[in-house]
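Chemist: Structure in structure tokens, see below.
Just so it is clear, none of the values below were taken in a lab; they were calculated from the coordinates. Please read all numbers here as calculations on a predicted model, not as lab measurements. Every residue, glycine as well, gets a Cβ built from its backbone with ideal geometry; the counts of neighbours run over all protein chains shown.
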Amino acid sequence: MKLAFIGIGKVGFALANNLQHKGHEIIIAHNDIQSESVVRAQAKNPAFSALPIQEAISASDIVLLATPFNVAETVLLSLDFEGKALIDCTNPVGPGISHGLESKISGAEKVQEWAPTARVVKAYTIYGFENLENASFPNYNVNPVMLIAGNEKAAKTRVATLNTDLGFETLDVGDLSQALHLEHMTLLWVKMVRANGHHPHFTWAYLER
């Protein structure tokens, strides 16, 4: 598939690089294709192309939003997503590693408000970038799980395909309002790793009896 990335920092690059090696075509979506972030990403992986944001959306099958949450509204409001799946990889983190929207609404629901022509799916936020670079845990006979939430079944099916390519099992936890709970899982992971010194190379698994 053709995947457009709005945001190509640590999370965006980890996903883009991994998925490019799995055979997907990566387009960096940036209105300054000579910007430092674009040049740096293409230096690391010359297979990445770059287009202005709206052109990248039009050329892609799926769009991934991997900007800081606090710039997402400004970026999204002028864009037409043409009914395509938009994967929300952002995290609304507030002071003291709290929920940036005071747990009143999920960041993903705000993204859907700002991008009404998109079919938003929350994914790739419950771990740090380290586990998006490499989801392999060879000492176990199960794959780590990627929890996703969204209102559109077809969009979530497409995201599940990417999860498989990345090495994750998919667990659909429900509609987009459930993203609030995924964002709290993000805070748990971030507090453990970034604040309290736990190593980042761990994930959750989904086990059924």
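Chemist: Which of the following residues is in contact (Cβ under 8 Å) with a residue 40 or more places away in the chain and out of contact with any Leu (no Cβ under 6 Å at 6 or more places or on another chain): A85, A50?
Modeler: One residue alone meets the criteria, A85.
Chemist: List the helices (runs of 4 or more DSSP H) that sit entirely inside region 63-151 and contain at least 2 residues that are more than 20 Å from L182 (Cα to Cα) and of a type outside the set (S, T, Y).
Modeler: Hits in region 63-151: 69-76.
Okay, residues lined up against (1) assigned to a strand (DSSP E or B); (2) of a type outside the set (D, E); (3) buried (at least 17 other Cβ atoms within 10 Å of the Cβ):
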site	(1), (2), (3)
G23	no, yes, no
I27	yes, yes, yes
N31	no, yes, no
E55	no, no, no
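Chemist: What number of residues within region 118-174 satisfy the criterion of being free of Cβ contacts under 8 Å to residues at least 24 places away in the same chain and not polar (S, T, N, Q)?
Modeler: Residues that pass the stated criteria total 3.
Chemist: Taking A205 and the conditions (1) small (G, A, S); (2) in contact (Cβ under 8 Å) with a residue 40 or more places away in the chain; (3) part of a helix (DSSP H, G or I), which numbered condition does it fall short on, given that it satisfies the others?
Modeler: If we test A205 against (1) small (G, A, S); (2) in contact (Cβ under 8 Å) with a residue 40 or more places away in the chain; (3) part of a helix (DSSP H, G or I), just (3) comes out false.
Chemist: Then there is this: With the checklist (1) out of contact with any His (no Cβ under 8 Å at 6 or more places or on another chain); (2) over 17 Å from Y206 (Cα atoms); (3) surrounded by fewer than 21 Cβ atoms within 10 Å (Cβ to Cβ) in hand, flag the one item V111 doesn't pass.
Modeler: V111 satisfies all of (1) out of contact with any His (no Cβ under 8 Å at 6 or more places or on another chain); (2) over 17 Å from Y206 (Cα atoms); (3) surrounded by fewer than 21 Cβ atoms within 10 Å (Cβ to Cβ) except (3).
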